[in-house]
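Down below is the structure, laid out as C-alpha cells.
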Amino acid sequence: MIILLEDANDNAPVISGTYDTAIAEDLAVGNIVLIITATDRDIEENAELVFAISSGNNNSDFKIDSSNGIIRTGNNLDRETISLYFLVITVSDSGTTRLSVTVTTTVTILDVNDNNPVFSPAACSVSILESVERGSTVIQVNATDKDEEMSGTQGLQFSIINGNTNSVFTMANDSIVLASDIDYVEKSHFLLKIKASDQGSTTLCSFSYLAVNVLLVNEYSPNFINGKQILAVSEDTPVGSTVFVINASDKDTGQYGILKYSIISGNTDNVLTIDEDTGALTLSSPLDFDTSPRSYNITIQVQDLGDDINSTNVNYTWIVMDLIDVNDNTPVFSNNEYIFFVYENETAGYTFATNVTATDADSGLNQQLTYSVLSTDGTLPFEIDHSTGAISVSMASLDYESKRLYSFRIKASDNGTIPLSSMCQMTIRINDINDNPPSFKPSDIIGSISEAVPIGTSVTRVFAMDADSSFNNNNILVYFLESEYFMMDSDTGLISTRTNLNRESKPSHILTVIAIDQGSPHLTGTATVTVIVNDENDNDPVIMGNYHASVREDSAISTEIFTINATDLDAFANGHLTYSIASGNLNDCFKIDSTTGLIQIKRDLDRETVDKYLLVVQVKDGGLPVRSSTITATVTVLDVNDNVPSFSSTSFSFSVFENVPIHSTVNKVLVTDSDLGTNGAFSISTVIFWSGNASNFVIDLLSGVVTTSGAIDRETMSSYNILVRVVDKGIPTLSAYANLTISVADMNDHAPVFASNSYSVSALDNLDIGTSVLSVLVTDADSEANSQITLMIDNLTTMGLLACQYFGVNSSTSTIFLKQHIQTDVITSVTFSLIATDAGTPPLSSSATVTINISDVNDNHPVFVSTSIVSEIAYSDDCQLTVATVSATDADSGVNASVEYYFIQNNYSNLFSLDSLTGEIKMSDIPQIGNVYIFVVGARDRGIPSLHAIIPASVELETFDPNISVISLYMGISKAYFESKESQFLSQLTIVFRTKYLTAVAKKWCVQELSRNSCVAHIYAVTTDNTTTNTSSAKATGDRSGVMSGTKTVKGLLTAQELLPLLADSDGKLTQGILGSGWNIFKIMSVVQYIDTANVSGDQGKTEKSDSSKWIETTNGVVTVVVGSVVGVVIVVSVGATIRHVRAVRFKRSFRPSPLNPALKSRAQITVKPQTEISGVPEVKEFDKSHRPPAVIYLRLPSVQATPPVWRMDQSASLWDKYVKSDLRSDERSPTYRGETTFPDVETPPLPFQTNNFGNVVSNRQSDGRIVHTRNVMQHQTHANERK
C-alpha cells in the first residue's frame, strides 16, 4: 500500500532578517531599494509567495515586485517632504486559505543638496545714521535652506557681491556690518546685492537686494557771532524800531544748518520781539523810564532744525537793554471824561459843584498846569477857571428842546520848555422840564386787515412824540382806545383785534386814540385810525349734484358726456372757479373745459383697455391759498365686438416624451379675446396635420389643452406639425390661426452596442506615447445626449486598474492609446473590460473584453550608471576585497535587460578579476604600493542580437599604504547601525577635515565588527589642494610627481599624522570637532592611527623597521640597491625598445590616409609629446620605476570639418583593433586610436589604447582637444561627461 500525503497550507511564510536601509533622495525611479527574502515550508501553490506593500507607501513612492520581493523606487523622492518611510510588507502564500506575515522596514531618505537658499524677505531696505560707528551691525539677513546640515541653513555663507562702493560694508556671518565711516554728502544710498551659498557638494546659491539709505545727522551746535551785548535805548524809541540784530552760524548743511531765533526770558511785558529767521530784535511796545523796569536782561536762544527735540541743537546768549530818560510825561486828568447835568431853566453865573482836575508826573514848571476850553460848537454857554478848572454857566440861553447836550474838550498844559499837554472830554447834559404836550404824526392813520385773522392780531401801531425828555417821565406816554372790535397796548400804541372780524358784516372801523404823558402836570394828544377789513378766501367751492354716464366704445371724439356745476361764496379772485380732471383720466381719453366744466371725449375709447373711468374732477378758486373741491364722475364704456381672438404666439412648440400613456397632457394652446360676453367667447380646433398621424393628438375646444390620443414613438415620427384655428361667437364672427409643432423627445431606451464582444491586439513596448493601439465601433439607436457615448476602462478590477495606468481612451475617436511606456518586466499582457456608457438619464451601458499583449523589443543599449570610477585601495587589502563595482542598466525587459560585464582592457588579470554578473572587481593578489591600475569594462545584454554599452566604464585604482594614511575610530555602536549612518558620518568628518584642508574628503576604507555593540571604522582622506606637503604624504599615495616637485598633485592622500590632530590631541582626548549633538549617536571612544597587526606587532615591528632603515645605509645595502637599479634600467630600456619597434611596424602597416580628409596623410597629425612640452604637467624622470609617466596625448584640432564616421566592432580583429571606423563611402579601415578628433558628432567607441616610448599604457580617451592626464586630472571632457 502506498499512501500519498497531500500538502496542507499549515505553514505561514517566514521573512528572513530585518530590513532597514537609507537611500539618497535623488535615487532614480526604478532603482532597487531592498529585497525582501521569505520562505514557506509548504510546497506547490501553498509555497508560492506574493509580496505586497500594505501600508506606509505614501504617494506610491515605492513599488514591490509581487513575485520576488524586490522593492524599487516608484516616484521621485523628496527628503524635504518625507524623510522617513515605515513600509509594512505583507508576504502571503497562494494557498486556498492564504497565510501571511508582515514586516516593517524603515527607509531613511538621505539628503541631497537640491534646494537653493531662500531669502526672507526677498529684498528689503534699511536706513542708518551717518554717525553710526564702525563695526555696528546694519541688519541681519535671514535665509533658509531646506537641505540638511552644511547643505542647508546650517551651512549658509553670505557675501556682498555688488553695490558695496568703497567696501563700506562687510559680512560677519549673517550680519551686514559697517566697515568704514559713511557720509550723507558723499553717498546717501547703497544697493547691495547679497549672495547666500550653501556648502553642499554642489554649491547652490540665491541672491537678495538690500537698499541702505544714509540719514543725515545733526552734528554741530549753532554758535553766536555777536552775543552778550549791552544796549542803551532811549525810552522814546518808536515801536517797531530794530534795536539789535543777533547773528549765529552752524557748520551743518541742509535743514540742520537752518537756524531759528527766540527770546527765552527777561522780556518783561513782551517789550521786544525777535525775527526767528534773521535774529532782528524789534521794539514791540513803548518804553517808559519812569515805570519799572528801567533795564532788561534778555536771554536769546538759537536752534537748528533737528528732526525732534532730542536731535535739535541749541545755544544761548544774553542782551542787556538800559533805558535813557526823556521828558515824556504829559498832564493826566483824573477822569478822561466829565459829565455834568443842569436844568434848562438855570441862569448865568451858575457854577457846577465839581472842578476839572489834572496831574503831571514831572516836577517844577513841567508840573504846573493851565486849563482851557476847546470847542468847535460855536458860542459855548459855559466857561472854565484857568487855574482851578471850575465850570460855570456863562449865559441864560439853555433850552432842552433846542440843545440837550454840550460836548467839548478841556486842555491841560504844563509849563515845561517843550510844553506837554493832554485833554479830557467834557459833556454837559441839559435836564428837561415838562413844557411840551404829546403829538401824533400823522394824526390820521388808515390801515387794513384780513377778516380771517385770529383774535389778538396786530392791526397797526400809532406813535406819538413828546419834545420833552424822559426826565421826570415828561415824555413817557400812555395810549388809550375805546372800541368793541379792537384793543390797544397802553405802552406801545399797538392796536390789535379784540374779536373775530367779518368783512361781510362790517367792511371798515374808525377809531380815536389818545396819548397822555406822565409829566407834571399831565399833557395829552389825539389821532384818528381807520381800519379797512379785507376779504379772505375762506369758502370752498361747492359742487352740486352727482355725475354718472355710459358711452359706447366706438363713440366719436368731442362727444359731450356731462357738465360739472359749482359755486363759491367768496368775491373777486377768491370766487373765480377753474375746472380740471385731477385723476382717473386713463390714456387721456377725456377733456374738460376749465371755465364751464363741460366734459367731452378726447381720444378713441377701447373697452378692452379700460371699461370704466372714475374721473376725479377738481374745482379750484383763485384765492391764496387756493381752495378746492373734488367729485368723482363715473363713465362706463359699453362693449363692441371689435377684437379678433388672439393666440399667445403665432407658432407653438411643444415637446412630449415618447412612450407616454394615451390621454397624457402635452401642453396648452393659449388664446385670448378682449371682448366681453358672446363677443369674447371662442372655440379652438385643429384644421390640418401637416405631418404626423392626426389620430395621435387632440385639442380641447374650450381650454386649448393638447393631449395624446395614440401611441407616441420617436423612432416612428419625431415631430408633428399642426395648423390650429380659434373662432369667437360675436356678430360678425372673428377668427385667427397658429402653427403647432410637437417634438417627440427621446427616452433613453437603447443601450450602446459594440461591433464585437471582444478585441485582442498586440503592441510593442517601444511605441510612442499617444500611439493608438486599438479602435472600436460603438453605436446607440437613441439621439442627442442619449446617443453620446463615453468609453472608459473598468477600473473596479485589478487588471482594469493596471490597464488605466498604461492606457487611455479617447471617446471622441473610440480609440485606446498608449499613456505610459510599458516595461515587459512589469507586464506582458493585460485583459480588461471596456465600458461604453451613454449620457441618458438613467445612463445605459454595455461592455466588451479587450486583451492587449505587450512584446518587448531589444532596442536599448546597456548604460553604465557611472562611466568613470576613481578609487583608492590598500596594497594589502584584507579589509576590502571588492575594490570597485561597475553597474549598468538596460531599459528593456526579460533577457533583453539581463546585463553581463567583461573586461575590454585589463593588463592586471593576475591581480584583479571581474564578476560578469555582479560587476564586482575583486583583488586576487596583492598589488604594488604606489601604483595606479586602469581598466576598461564593457557591458552587453543577452538579447538577440546582443547590444553593447556604447560608452564603456573606465576604472582607475590607486594603491596606498594603510599604515601611513588610515586612522581608526573605535565606536560603541553596532556595525549595522554605523552603515545606516555612514553617509552622515563621512559628511561630518569631511567638515572637520576641511577646517584645515579646504578640499579634503573623508572616505571609508572598511568597517570591522568588534562585538555586537561595537565596531571600528578605518578612514582615510583625499584632497585636491595644490598646497605644499611633506614627503610622507607623497609616499602614502605613491605620488611620483609630488616627491620630485615638492607639491601635491591634483589629488593626494592626507597622512594619518595630518588627520589625527584634527580628531584627538596628543593624549588621545577627542577634540571639539567630533564632540556635540551631531556626534553623540556614533559614541566615538578613541581615535588612533591604523596598524596592520598582521605585519607589525608593537615595539618589535618598530625595531624591524628601524633595522631595515639602518641596513640600507650600509655598504652592502648601497651596492645592492645600485646594482639592482642598473639591471632594472637595462631591462626596461630593452623591453621598451622592442615594444616601440613592434608598434611602429604595425602602425605603418595599418594606417592609410582617409579619402574623406586628404589633409591627414601622415602620422605627423598625431603628436605624442613628452610631459616637459605640455603646459601644467610636472617633469618626470625617464625610466624611474617608482614614478612612471602619466598617459598623455596631445591632440591637434583639425582646421576643417570632415564627414562624421560611424563606429562598429570587428569581431575577427584583435582586442585592440576590434573598434574601427567605417567610412560611409569607403570600405577602408583605419585605427581608432589615431586621434582624428575632427568628428565631434561621432558615436563614442570604447577607449582604445597604445603604448608610448616608455612601454606604459597610454589612454587616448575621446576628448574635445584638451589635455587628458590620468593622474593629474586637469579637465576631462568627453561625450559621456565621464569626469571633471
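The values are calculated or read from the model by the stated rules, or taken from the named source; none is laboratory data. This one's a predicted model, so the numbers in the text were calculated from it and none came from an experiment. Here the Cβ is made from the backbone with ideal geometry for all residues, glycine too, and neighbour counts use every protein chain on show. Ligands, DNA and RNA are excluded from the accessible area calculation, which covers all protein heavy atoms including side chains. Shrake-Rupley method; radii C 1.70, N 1.55, O 1.52, S 1.80 Å.
Note on the range 139-236: percent of Cα-Cα distances in each 10 Å bin, starting at 0 and stopping at the bin with the largest distance, equals 13, 32, 19, 12, 7, 6, 6, 3, 2, 0. Solvent-accessible area of MET1085, all protein chains in place: 120 Å² (probe radius 1.4 Å, heavy atoms, ligands and nucleic acids excluded). What the Cα atoms of the range 1-86 give is an Rg and a Dmax of 17.3, 69 Å. Extents of the range 414-560, taken as max minus min of Cα coordinates on every principal axis and listed largest first, are 120, 50, 21 Å.
Mean separation of Cα pairs under 8 Å and 6+ residues apart, divided by the residue count of the range 621-726: what relative contact order is that in percent?
On the way: 157 pairs, mean separation 30.8, N = 106.
So the answer I get is 29 percent.
Taking a point 7 Å out from the Cα of LEU723 in the direction of its Cβ, the residues of the range 657-692 whose backbone N falls within less than 11 Å of it are 687-690.
Given a Förster radius of 22 Å and the C-beta distance between THR165 and GLN255 as r, what FRET efficiency does 1/(1 + (r/R0)^6) yield to the nearest 0.05?
Numbers: r = 25 Å, r/R0 = 1.15.
FRET efficiency, THR165 to GLN255: 0.30.
Considering only protein heavy atoms and a 1.4 Å probe, what is the carbon-and-sulfur percentage of the accessible area of the range 374-528? Write down the numbers at each step before the final one.
Numbers: 4140 of 8210 Å².
About 50 percent, which is the carbon plus sulfur part of the accessible surface.
All distinct Cα pairs of the range 387-463 go into the 1/r average, and the inverse of that average, the Kirkwood radius, is 18.9 Å. Pairwise Cα distances in the range 243-388 exceed 22 Å for 63 percent of all pairs. Across the range 167-211, the residues whose backbone nitrogen lies under 14 Å from the label position 7 Å along the beta-carbon direction of VAL118 are 206-207.
In the range 956-1008, the portion of solvent-accessible area held by carbon and sulfur atoms comes to 53 percent [1.4 Å probe, whole percent, DNA, RNA and ligands not counted].
Between ASP749 and any residue 5 or more places off or on another chain, the built amide H atoms are never under 5 Å apart. Karplus-derived 3J(HN,Hα) values for the range 304-321, using 6.51 cos²θ - 1.76 cosθ + 1.60 with θ = phi - 60°, are 8, 8, x, 5, 8, 5, 7, 10, 9, 9, 10, 8, 9, 8, 10, 10, 9, 10 Hz; glycine and proline are entered as x.
Applying 1/(1 + (r/R0)^6) with R0 = 45 Å to the Cβ-Cβ distance of SER762 and ASN659, what FRET efficiency is obtained, to the nearest 0.05? E between SER762 and ASN659, to the nearest 0.05, is 0.50.
So what's the range 152-311 giving for Cα Rg divided by 2.2 N^0.38 Å, two decimals? Walk me through the numbers before you get to the answer.
On the way: Rg = 28.1 Å, N = 160, 2.2 N^0.38 = 15.1 Å.
Working it through for the range 152-311, the quotient is 1.86.
If the limit is 21 Å between Cα atoms, which of LYS506/LYS620; LYS187/LYS251; LYS975/LYS1083; LYS228/LYS260; LYS63/LYS1004; LYS981/LYS1004 go over it?
Working: LYS506/LYS620 27 Å; LYS187/LYS251 19 Å; LYS975/LYS1083 12 Å; LYS228/LYS260 18 Å; LYS63/LYS1004 31 Å; LYS981/LYS1004 12 Å.
Table pairs above 21 Å Cα-Cα are LYS506/LYS620; LYS63/LYS1004.
Extending 7 Å from the Cα toward the beta-carbon at both GLN425 and GLU276 defines two label points whose distance is 4.0 nm. Nearest 0.05, what FRET efficiency do SER909 and SER67 give at R0 = 41 Å with Cβ-Cβ as r? After rounding, the FRET efficiency stands at 0.60.
Protein heavy-atom accessible surface, 1.4 Å probe, per residue over the range 802-855: 42 Å². Tell me which residues come under 5 Å, amide H to amide H, from LEU598 once H is placed; ignore anything under 5 positions away on its chain. For LEU598, the qualifying residues are ILE564, ASP593.
The label point for LEU231 and the one for HIS948, both projected 7 Å from the Cα toward the Cβ, are 11.2 nm apart. So what is log10(I(q)/I(0)) for the range 934-1023 at q = 0.11, 0.14, 0.21, 0.25 1/Å, when the Debye sum runs over its Cα atoms only? The Cα Debye sum returns log10 ratios of -0.51, -0.69, -1.00, -1.20. Residue-wise HN-Hα couplings along the range 514-521, as the Karplus relation 6.51 cos²θ - 1.76 cosθ + 1.60 with θ = phi - 60° gives them from phi, are 10, 10, 10, 7, 10, x, 10, x Hz; Gly and Pro carry x. For the range 806-893, the carbon plus sulfur part of the accessible surface works out to 50%, probe radius 1.4 Å. Annotation: per residue accessible area for the range 598-698 equals 51 Å², rounded to a whole number [probe 1.4 Å, protein chains only]. Spread over its residues, the convex hull of the C-alpha atoms of the range 474-564 is 152 Å³ per residue. Across all C-alpha atoms in the range 103-172, the radius of gyration and Dmax reach 18.1, 69 Å. A simple spin-label model places pseudo-atoms 7 Å from Cα toward Cβ; at LEU380 and ILE769 they are separated by 12.3 nm.
Let me have the relative contact order for the range 258-315, percent, based on Cα pairs under 8 Å that are six or more residues apart.
Details: 88 pairs, mean separation 22.4, N = 58.
Reported as a whole number, the value is 39 percent.
May I ask you to work out the translational diffusion coefficient for the range 833-984 at 25 °C, viscosity 0.890 mPa s, via Stokes-Einstein with Rh from the Kirkwood sum over Cα pairs, reported in whole µm²/s? Taking Rh from Cα pairs, D becomes 126 µm²/s.
Taking 1 over the mean of 1/r across every pair of different Cα atoms in the range 341-418, what Kirkwood radius in Å do you get?
On the way: mean 1/r = 0.0714 Å⁻¹.
14.0 Å is the Kirkwood radius here.
Here the contact order of the range 513-634, divided by its residue count and restricted to Cα pairs under 8 Å and six or more residues apart, works out to 27 percent.
Which number do you get for Rg(Cα) / (2.2 N^0.38 Å) in the range 318-475? Write down the numbers at each step before the final one.
Working: Rg = 25.5 Å, N = 158, 2.2 N^0.38 = 15.1 Å.
Expressed relative to 2.2 N^0.38 Å, the Cα Rg reads 1.69.
Using θ = phi - 60° and the Karplus curve 6.51 cos²θ - 1.76 cosθ + 1.60, what whole-Hz ³J(HN,Hα) does each residue of the range 795-808 get, with Gly and Pro shown as x? Whole-Hz 3J(HN,Hα) from phi for the range 795-808: 9, 8, 10, 4, 5, x, 4, 5, 5, 4, 6, 10, 10, x.
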